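Peer 1: Supplied in structure tokens, the structure appears directly below.
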Amino acid sequence: MKKDKFGSKLGVVAAAAGSAVGLGNIWKFPYITGQNGGAAFILVYLGCILLIGIPVMLSEFALGRKNSSNAVESFRSISPKTKWHFTGYIAVATSFIILSFYAIIAGWVFSYILRSMTGKLKHIPVDGFGNFFNGLVSNSWEPMIATLIVLVLTASVVIAGVKSGIEKFSKIVMPILVGLILLLIVRSVTLDGAWAGIEFLFKPDFSKLTISGVLEALGHSFYTLSLGMGIIITYGAYIDKKENLATLSYQVAIADTVIALMAGLVIFPAVFAYGLKPGSGPSLLFITIPAVFKEMPLGSFFEILFFILIAIAAITSTVSLLETSVSFVVDQFNLKRKKATIIITIALFIVAIPSILSFGPLSDVTIIGERSIFDSLDFLTSNILLPIGGILVCLFVAWVWGTSNAVDEITSEGKYKFSISKLYSFSVKYLAPLGILIIFLYGLGIFNIIGNFFK
Ligand code: PHE
């Protein structure tokens, strides 16, 4: 059977950028930038994208495209007699687990869209959004339905196939995302007092840049490009041999970074104009931002646009997460795409239920350390499985497949010039695995333990 592929270069960029642009760009990047010295942090972050993010992305694209195979088969087809394909199993498991809780957050976004469309958010006092949010997530029924809606929506894109589902969808919604973000920037930066927010985001303050800020930049550059979980390998398999993988990767990385900066220009000027403090994580999106829109002229209108923007960013990411499992199951068990997608979606929903309940009835249940079920899954994937997957991908490409073979694939057997091939090989062999190893140890808190030991 002929494999379904992306039909155009633009389609690949839209789909991969759709995966890369997600909640991380909109709530996390602006916040960590402001916290860690603005432009000073952005410089470090750009360095990480260039030196580690792009080389790993190229490796994943090349791995997937080499034999047009899924995240597990890519390893097996290159090194059949070894156990390296376990890296693929880890990647598929990581993307499956991430999707099971990412869909919950996307579901909250849908709840907010519904409430802002029906004017319900308008009746909440400025300081009442904290309670409102806690009430929403702990009530379990609504988040359950919302998560199901997100999963069904995601599944319907994936069922339609690579070209007529994922590619078509991304090509329609990504321009809408850019349009919405531009509109919101104009609104935000023209508010009185917006300048303080622009300064918070961009003014370089090297004194605020700490080692942990640098590690945060490194970790985020990896997460934001959707690396280490088989997604880019899976999408690589759908890219035509005549496409230039290097250019594609640069374009995806640039689009991802520009959209993250634009998100900062939406959020901070508005938050500062109204004298609020940018909280971190979910509270920024679900508590601070609604309070800002409440005060803003035409706020309800812009609020709907803002949450639709986040929903688009989230759904293009959930699509890529689901596709990773689907492409594996389709090949492995010889199932039809539709059947595989439905089975996986049902499994995802079941796995999501304990996480949903961990904001309500199961809030006292802890798994890893003092973490709730939801937080444990986040910790397990972001801090453990993702870096392990990333390191193994680098080691495999560098020492098993060989960087010269990877470069052949990247350049379509020498058809394209690849001016950074030396830097690429150096990064995949040493820089990237070492960098990821450091974030891994840092994420596990090992540096703190060592630090305390020497105190
Ligand atoms: N890259 C996405 C973001 O920045 C996050 C993501 C991670 C998406 C894993 C898919 C898979 O939000």
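Peer 1: Exactly one condition in (1) within 23 Å of Gly165 (Cα to Cα); (2) within 13 Å of the ligand (Cβ to nearest atom); (3) assigned to a helix (DSSP H, G or I) is not met by Ala263; state its number.
Peer 2: Tallying (1) within 23 Å of Gly165 (Cα to Cα); (2) within 13 Å of the ligand (Cβ to nearest atom); (3) assigned to a helix (DSSP H, G or I), Ala263 fails exactly one: (1).
Peer 1: Kindly provide the set of residues from the stretch 3-32 that are assigned to a helix (DSSP H, G or I), of a type outside the set (S, T, N, Q) and more than 15 Å from Phe169 (Cβ to Cβ), ordered by number.
Peer 2: Step one: filter the stretch 3-32 for residues assigned to a helix (DSSP H, G or I), giving 9-20, 23-32.
Filter once more, keeping what is of a type outside the set (S, T, N, Q): 9-18, 20, 23-24, 26-32.
Within the stretch 3-32, Lys9, Ala20, Leu23, Gly24, Ile26, Trp27, Lys28, Phe29, Pro30, Tyr31, Ile32 meet the criteria.
Peer 1: Got a sec? Which of Val109, Val137 is surrounded by 15 or more Cβ atoms within 10 Å (Cβ to Cβ) and within 16 Å of the ligand (Cβ to nearest atom)?
Peer 2: Values: Val137 fails: within 16 Å of the ligand (Cβ to nearest atom).
Sole residue among the options that is surrounded by 15 or more Cβ atoms within 10 Å (Cβ to Cβ) and within 16 Å of the ligand (Cβ to nearest atom): Val109.
Peer 1: From Ile353, Ile367, Ile343, grab the single residue that is among the aliphatic types (A, V, I, L, M), surrounded by fewer than 20 Cβ atoms within 10 Å (Cβ to Cβ) and without any contact (Cβ under 8 Å) to a residue 12 or more places away in the chain. Reasoning before the result, please.
Peer 2: On the way: Ile353 fails: without any contact (Cβ under 8 Å) to a residue 12 or more places away in the chain; Ile343 fails: without any contact (Cβ under 8 Å) to a residue 12 or more places away in the chain.
Only one candidate passes the filter, namely Ile367.
Peer 1: Filter the stretch 239-258 for residues that are among the β-branched types (Val, Ile, Thr) and farther than 23 Å from Leu99 by Cα; which is surrounded by the most Cβ atoms within 10 Å (Cβ to Cβ)? Spell out how you get there, then give the answer.
Peer 2: In the first step, residues of the stretch 239-258 are kept if they are among the β-branched types (Val, Ile, Thr); the result is 239, 247, 252, 254, 257-258.
Narrowing further to those that are farther than 23 Å from Leu99 by Cα: 239, 247, 254, 258.
Details: Ile239: 23, Thr247: 13, Ile254: 14, Val258: 15.
Per the criteria, the residue is Ile239.
Peer 1: OK, next. Does at least one position in the stretch 308-315 carry a residue that is closer than 30 Å to Val428 by Cα and at pLDDT 90 or above? Before you say what the answer is, go through the steps one by one.
Peer 2: Of all residues in the stretch 308-315, those closer than 30 Å to Val428 by Cα come to 313-314.
Of the ones still in play, those that are also at pLDDT 90 or above are 313-314.
Yes, because at least one residue in the stretch 308-315 is closer than 30 Å to Val428 by Cα and at pLDDT 90 or above.
Peer 1: Restricting attention to the stretch 274-287, does a residue exist that is more than 23 Å from Gly38 (Cα to Cα), more than 16 Å from the ligand (Cβ to nearest atom) and assigned to a loop (DSSP other than H, G, I, E, B)?
Peer 2: No, there is no match, as no residue in the stretch 274-287 is more than 23 Å from Gly38 (Cα to Cα), more than 16 Å from the ligand (Cβ to nearest atom) and assigned to a loop (DSSP other than H, G, I, E, B).
Peer 1: Which number in (1) among the small types (Gly, Ala, Ser); (2) under 18 Å from the mean Cα position of the chain (by Cα); (3) not in a loop (DSSP other than H, G, I, E, B) marks the one condition that Gly64 misses?
Peer 2: Unmet condition: (2).
Peer 1: Identify the residue in the stretch 198-221 that is of a type in the set (S, T, N, Q) and assigned to a helix (DSSP H, G or I) and, among all such residues, is nearest to the ligand (Cβ to nearest atom). Full working, then the answer.
Peer 2: Step one: of the stretch 198-221, the residues of a type in the set (S, T, N, Q) are 207, 210, 212, 221.
Subset that is assigned to a helix (DSSP H, G or I): 207, 212, 221.
Numbers: Ser207: 28, Ser212: 20, Ser221: 10 Å.
Ranking the candidates gives Ser221 first.
To keep it simple, each residue is scored yes or no on (1) away from the ligand (no atom under 16 Å from the Cβ); (2) closer than 22 Å to Gly37 by Cβ.
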{"position": "Tyr223", "(1), (2)": "no, yes"}
{"position": "Leu227", "(1), (2)": "no, no"}
{"position": "Ile232", "(1), (2)": "no, no"}
{"position": "Ile239", "(1), (2)": "yes, no"}
{"position": "Leu245", "(1), (2)": "yes, no"}
{"position": "Ala270", "(1), (2)": "yes, yes"}
{"position": "Met296", "(1), (2)": "yes, no"}
{"position": "Gly299", "(1), (2)": "yes, no"}
{"position": "Ser317", "(1), (2)": "no, no"}
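Peer 1: Quick one: which residue in Gly193, Gly236, Gly213 is surrounded by 24 or more Cβ atoms within 10 Å (Cβ to Cβ) and touching a residue at least 24 places away in the same chain (Cβ under 8 Å)?
Peer 2: Working: Gly193 fails: surrounded by 24 or more Cβ atoms within 10 Å (Cβ to Cβ); Gly213 fails: surrounded by 24 or more Cβ atoms within 10 Å (Cβ to Cβ).
Sole residue among the options that is surrounded by 24 or more Cβ atoms within 10 Å (Cβ to Cβ) and touching a residue at least 24 places away in the same chain (Cβ under 8 Å): Gly236.
Peer 1: Next up: Looking only at the stretch 413-452, which residues are under 13 Å from Leu386 (Cα atoms), buried (at least 18 other Cβ atoms within 10 Å of the Cβ) and either of a type in the set (D, E, K, R) or free of Cβ contacts under 8 Å to residues at least 60 places away in the same chain (or both)?
Peer 2: Hits for the stretch 413-452 are Pro433, Phe440.
Peer 1: I would also like to ask the following. Counting only residues that are touching a Leu at 6+ places or on another chain (Cβ under 9 Å) and assigned to a helix (DSSP H, G or I), which one in the stretch 67-89 is farthest from Ile239 (Cα to Cα)?
Peer 2: The qualifying residue farthest from Ile239 (Cα to Cα) is Phe86.
Peer 1: Take the residues in the stretch 1-56 that are basic (Lys, Arg) and over 23 Å from Phe286 (Cβ atoms), then tell me which one is farthest from the ligand (Cβ to nearest atom). Full working, then the answer.
Peer 2: Residues of the stretch 1-56 that are basic (Lys, Arg), as a first pass: 2-3, 5, 9, 28.
Now restrict to residues that are over 23 Å from Phe286 (Cβ atoms): 2-3, 5, 9.
On the way: Lys2: 27, Lys3: 22, Lys5: 21, Lys9: 21 Å.
Filtering the stretch 1-56 for residues that are basic (Lys, Arg) and over 23 Å from Phe286 (Cβ atoms), the one farthest from the ligand (Cβ to nearest atom) comes out as Lys2.
Peer 1: Can you go through Phe328, Phe374 and tell me which one is of a type in the set (Phe, Trp, Tyr), within 29 Å of Leu444 (Cα to Cα) and within 16 Å of the ligand (Cβ to nearest atom)? Spell out how you get there, then give the answer.
Peer 2: Values: Phe328 fails: within 29 Å of Leu444 (Cα to Cα).
Going through Phe328, Phe374 in turn, the sole match is Phe374.
Peer 1: When you scan the stretch 112-196 for helices (runs of 4 or more DSSP H) that lie fully inside it, which ones turn up with 1 or more residues that are closer than 30 Å to Tyr238 by Cβ? First the steps, then the outcome.
Peer 2: On the way: elements: 129-138, 141-159, 168-189.
Output list reads 141-159, 168-189.
Peer 1: Which pairs turn up if I take residues in the stretch 299-328 that are on the phi > 0 side of the Ramachandran plot and look for partners that are within 13 Å of the ligand (Cβ to nearest atom) and part of a helix (DSSP H, G or I) with beta carbon separation below 6 Å, at least 6 apart in sequence or on another chain?
Peer 2: Close Cβ pairs satisfying both conditions: none exist.
Peer 1: Determine which member of the set Ile104, Ile78, Ile90 is in contact with a Ser or Thr (Cβ under 6 Å, 6 or more places away or on another chain) and of a type in the set (A, V, I, L, M, F, W, C). So that I can check it myself, show each step before the final result.
Peer 2: On the way: Ile78 fails: in contact with a Ser or Thr (Cβ under 6 Å, 6 or more places away or on another chain); Ile90 fails: in contact with a Ser or Thr (Cβ under 6 Å, 6 or more places away or on another chain).
On inspection, the qualifying residue turns out to be Ile104.
Peer 1: Right, another one. Which one of these does Val92 not meet: (1) among the hydrophobic types (A, V, I, L, M, F, W, C); (2) part of a helix (DSSP H, G or I); (3) over 19 Å from Leu321 (Cα atoms)?
Peer 2: (3)
The values are calculated or read from the model by the stated rules, or taken from the named source; none is laboratory data. Model, not experiment: these values are computed from the prediction. Counting neighbours? That spans all protein chains shown, and the Cβs are built from the backbone with ideal geometry, glycine included.
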